[in-house]
Each structure stands twice: as C-alpha cells, then as structure tokens.
Ligand code: 16G
Ligand code: MG
C-alpha cells in the first residue's frame, strides 16, 4: 500500500465537518454534493473486499428513486449480491472516519478481515444518468487506483446490469458474457424462445408502454429493443429527453401515490409499466373505461409468476420445491391467494432486498418480490441441472415444460431484481397464458391499505420482531396497536423505523379504504405519543 499516494489523493476528498452517514439497505444515499469523500473511500474499500474475496467487486453510483439532486453508492459482492452485512459496518466506519484517521481505519479493517495486501484487486463500476454521477464515479476510480486496484468502468448501466456483470466475471463467463450486448442477447434469446409458442390474438397483446422515470432504464431499454422486437414492441415514455429524473414519474411515484405518472399517454385498458430511476423495480397499471386507475404491484407480479412456475413444475413432474418470499408490506389478499389458491408456502422477511434474496436461496425455486416492485426468482444449482437435463429428453409435454423453465431461468436476473428482466418475464407469461392485464388484475382484489409517516426524535426507540410485524419497544406500543386493530374487519397494522429516511413508517390494511385510513391514523397517533413524536401531530383525513 503506497501510503504517501493515499494521503496525497485523500487531500482532494475532505470529509465535510460533522457529516455522519450510514451504509443502509441501499448503501449510502444523500445530497450529491456531500458524497465525494464517500465515493473515494468506497473505491478504497472495494479494493480491500476484492483482495479478500479474490474476486471482482462492483461499485454502483446511483440513488435509485431519490430526487435527481441526491446520489448514492453501493458495493456488489462476488456473486452479484448485496455487500455482506459485516462489511456494511466497515463501509460505515470508513465513510465516517475523520480525514486524519483514514489510513489507520483502513489498516484496521485490513487487519480485521485478514486481507492479503499483495493480492490483486479488480473493481467494476457503473453509474446512473444523474448529472452528478460521472464526477462521483471518477472519485471511486481514484480510490481504487490509488490502492493499486484495476478498474473497468462500464459507464452508464442500470443497477441490475452491474450486478449481472459482476456475477458473469466471477463465474468465468458461465452465467453470461460480461458486456451490455451479452446481457441483451442472453435475455432476448430466452424471451423470444419462450414466447415463440405463444398464441397471439391481435397486435395489442404484444404492445407495452413503459415509463422510464427519465432515467437509465430508457437508455438501456432503448438499446435492447431491437434484440427482442419480434416478440414485443415497447414504447418508451419519460425517456430523459425532457423531464427530470423520478419527478412525478417512475415506479416509486406510481406505487406511493397510486396514480399514473406524468408524461405517459394512457388509453383505457392499455398495458403500461413504470421502472424506477435505476431500473431495479417495476410496477404495472392500466386505466379502465371509467377512468379508474388499477395498480399491479410487486405482490400481483409475484402471484402471476408463482402460478406460472407452479404449473410448469407440476407438468415436469419433479419434486422441486417453490417458496415465495414477501415482506410485511405484502397485501393480505396476495398472501392468502398464494397460500390458498396457488398453494405455495409463503415466508415473510424484514424489508430490504438482501433479506428476501437470502431467504429465497433456501428453495429449489425461490420467488421474491417486495410490494414496491423489486424482485426476481432464484433457481438452485440442483434445480437448474435437473431442468436442463429434462429439457434435453425426447419431445413430449414434460420436456416442453422443462424447455420453458430453462428459458425462464435465463430470463430472470439471478443476481438481483431487474425491471427489464421482470418486464420480459411478465410479458412472456401474459402471452403464453393469453391473459389481458385486466384478467391478471382480477386474480385477487387488494385489501384497501394506507401508509403514513411519523416524525419522532429518535426512530431507533422503535424496535421490532417477527419480520417487523410486532413492535417490542417502546413499551405499550404493540398493545395499543393490537387494541386498534381489533376495531376493524380484516385488519392488520405494523410500524417500523425507515431504513432510508429519518421517520417511522406506519402500514394499515382493512376491509374498506375508510377503515384502513382511520386505522393508519390511529396507529400513527399511538406512535407519536409513545415513541416521542416531534413537530405537528399526525392529521386525519386523506
Ligand atoms: C431500500 C431497499 C428496498 C426497501 C426500501 C425500504 C434495497 C436495494 N433497497 O430502497 O428493498 O424496500 O429501502 O425503505 O435493499 P424504508 O426502509 O425507507 O421503508
Ligand atoms: Mg432502484
């Protein structure tokens, strides 16, 4: 380690006084102008992680669905997964160390994780379309090179594409070719083969309008379009040519406001979807003839996909176990439908992709989706081998189903939730099943629900258990919630400290919108009183 060079370069990346950041569920995220030192330091950390794992590590510069002025960074582990939790602590420690302690903190981490400093390091970098991203990714590159690491800068990429690149590079190309073209070809080939057999009545079945949140998704989907055009025609809106990133558009806006994004022309009953700012979330929607807006969120996506996979598994007649993973935010109707109609076991984890991903790895086929539209399906190596073998056998119903599953494996991003990949899977399933978006929507009816935020002095006074469904602290809060829930039919409510904002989140569902609204309001009052609310008391009326 050339400590003199490190000291010299670090001087360009002074930490703003008093700034403390935490590597949370989505890495570091804050106003872009405060992130230069964090980027440089994450370049340093990526080198250590690469040396320790003897693998390529990814660094993604993005703040996903946050406003354009924000930015963020996260590290991607060797198999394209989120950074290991113990390293999140090292990341936080390094980002918050005072300038004069940078060297010693870096040495401390190296010792703790037993890094061989002579080992080579390789880091790949991607960034979203934010105006600040290019400069910030240069700071990451500076951090990597000052520690002697090698860099490949992919430039503009969706977050899931960077995860894909890391996975490809660490599996000697077995997963795919580590280029954007390799990604486009792999997914498009699987999609075109899968939909090849689909019965298609009329052109409209194969047309889709996509709101790209004025982000990276527009650029990458635009590049990819020609590769799958024989199977699907996509029309891009909010492609970044005029509007601002995530501003009144994108998956997060549509899901939270339950209304269509600006900038998309929607005719009644047309199938539309929205990506978020870094294209790792997707939600679908349509407007009916009466002008009512219908949202098909991550829960509806999980249901459609799980039913499809269950049927294929039954057809191939192999005992592959399917598990569906959700969070406490999953609509109660979706969980009931999955358990009672699709007849698949459903598990609940804490919010945050890493928790769902980890749980989904326990199954032959692990389906995971957050209600906000982030998710994918993971196939175990054993399941993949079995499916590939069956697909090679003589032409019959079984091998046809196995061939479809083989393409499904290739179509799903095995590293992380991916809006482009999920979109193609959903389009394939709808085409194969001959389903319209209205028929898909009608699989079950969402229970009315409401989410609220409460400001408290310290959100950590709330701690939860049972996958965030029960509050254990502060005393009395869970009892209060239980009493309130009893007042309403088909009701459920929980509270949890947000991992990305300085607030407490409240979720309630019940048999009517009125009941869900008033339950959410009453629970937020209980939080305000028992957990040290600050500012204005929560208000009723929506
Ligand atoms: C982050 C998480 C997302 C989670 C959200 C919850 C990743 C990549 N993203 O965006 O999974 O749903 O945080 O935010 O893990 P909250 O804690 O503010 O409710
Ligand atoms: Mg995102």
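Could you calculate the FRET efficiency of residue 259 with residue 150 from 1/(1 + (r/R0)^6), where r is the beta carbon distance between them and R0 is 45 Å, rounded to 0.05?
0.45
Arrange the following residues from fewest to most other Cβ atoms within 10 Å of their Cβ: 436, 129, 25.
436, 25, 129
What FRET efficiency, computed as 1/(1 + (r/R0)^6) with R0 = 51 Å and r the Cβ-Cβ distance, is obtained for residue 529 and residue 107, rounded to the nearest 0.05?
0.60
According to a simple spin-label model (label point 7 Å from Cα along Cα-to-Cβ), what is the distance in nm between residue 267 and residue 54?
Once both label points are built, they end up 6.0 nm from each other.
With a ≥ b ≥ c taken as the square roots of the eigenvalues of the C-alpha gyration tensor of region 201-297, please select rounded if a/c is under 1.5 and otherwise prolate if a/b is larger than b/c or oblate if it is not?
oblate
Hey, what does the equivalent ellipsoid look like for region 272-343, semi-axes from the Cα gyration tensor as sqrt of 5 times each eigenvalue, largest first, whole Å?
26, 15, 13
May I ask for the percentage of alpha-carbon pairs in region 119-187 that lie more than 14 Å from each other?
Beyond 14 Å sits 61 percent of the P(r) for region 119-187.
Enter the mean projected area of the convex hull around the alpha-carbon atoms of region 392-435, in nm², rounded to one decimal.
3.6 nm²
Enter the Cα centre distance for the pair region 279-343 and region 131-174, rounded to the nearest angstrom.
33 Å
Calculate log10 I(q)/I(0) of region 122-268 for q = 0.10, 0.11, 0.14 Å⁻¹, where I(q) comes from the Debye formula with a single equal point scatterer on each Cα and nothing for solvent.
-0.46, -0.55, -0.84
With the convex hull built on the Cα atoms of region 6-97, state its orientation-averaged projected area in nm².
6.0 nm²
If you find the alpha carbon centre of region 5-33 and of region 64-109, how far apart are they in angstrom?
9 Å
Could you put 423, 107, 266 in order, starting from the residue whose Cβ has the fewest other Cβ atoms within 10 Å?
Final ranking by Cβ density, sparse to dense: 107, 266, 423.
What residues of region 523-542 lie in the reach of a label at residue 514, counting those whose backbone N is under 17 Å from a point 7 Å from the Cα along Cα→Cβ?
Backbone N within reach: 540-542.
Tell me the mean residue ellipticity at 222 nm calculated for the chain from its helices only (DSSP H runs of n ≥ 4, each -39500 (n - 2.57), averaged over every residue, nearest 500).
-12500 deg cm²/dmol
For 9, 65, what ranking results if the residue with the fewest other Cβ atoms within 10 Å of its Cβ goes first?
The fewest-first ordering by Cβ neighbours comes to 9, 65.
Indicate the gyration tensor shape class of region 232-389 (rounded, prolate or oblate), computed on the Cα atoms with a ≥ b ≥ c the square roots of the eigenvalues: a/c under 1.5 is rounded; otherwise a/b larger than b/c is prolate and the rest oblate.
It is prolate, given that a/c is not under 1.5 and a/b is the larger ratio.
With the calculation restricted to Cα positions, what are the radius of gyration and Dmax of the chain in angstrom?
23.4, 69
Semi-axes of the equivalent ellipsoid of region 42-148: what are they in whole Å, largest first, if each equals the square root of 5 times a C-alpha gyration tensor eigenvalue?
23, 15, 13
Determine how many Å³ per residue the convex hull of the Cα atoms of region 421-517 encloses.
139 Å³
So if I take the centroid of the Cα atoms in region 504-542 and the same for region 224-266, what is the distance between those two points in Å?
32 Å
Note down, for region 326-457, the three equivalent ellipsoid semi-axes (square root of 5 times each alpha carbon gyration tensor eigenvalue), biggest first, whole angstrom.
30, 19, 14
Quick one: length gained pulling residue 247 to residue 177 fully straight, 0.36 nm per residue minus the C-alpha distance?
The span from residue 247 to residue 177 would gain 21.8 nm if fully extended.
Starting from the Cα of residue 11, step 7 Å toward the Cβ, then list every residue of region 88-128 with an amide N under 14 Å from that point.
100
Laboratory data are not the source of any read-out in this text; all were calculated from the coordinates shown. This is a predicted model, so every value here is computed, not measured. Every residue, glycine among them, receives a Cβ derived from its backbone with ideal geometry; neighbour counts consider all protein chains shown.
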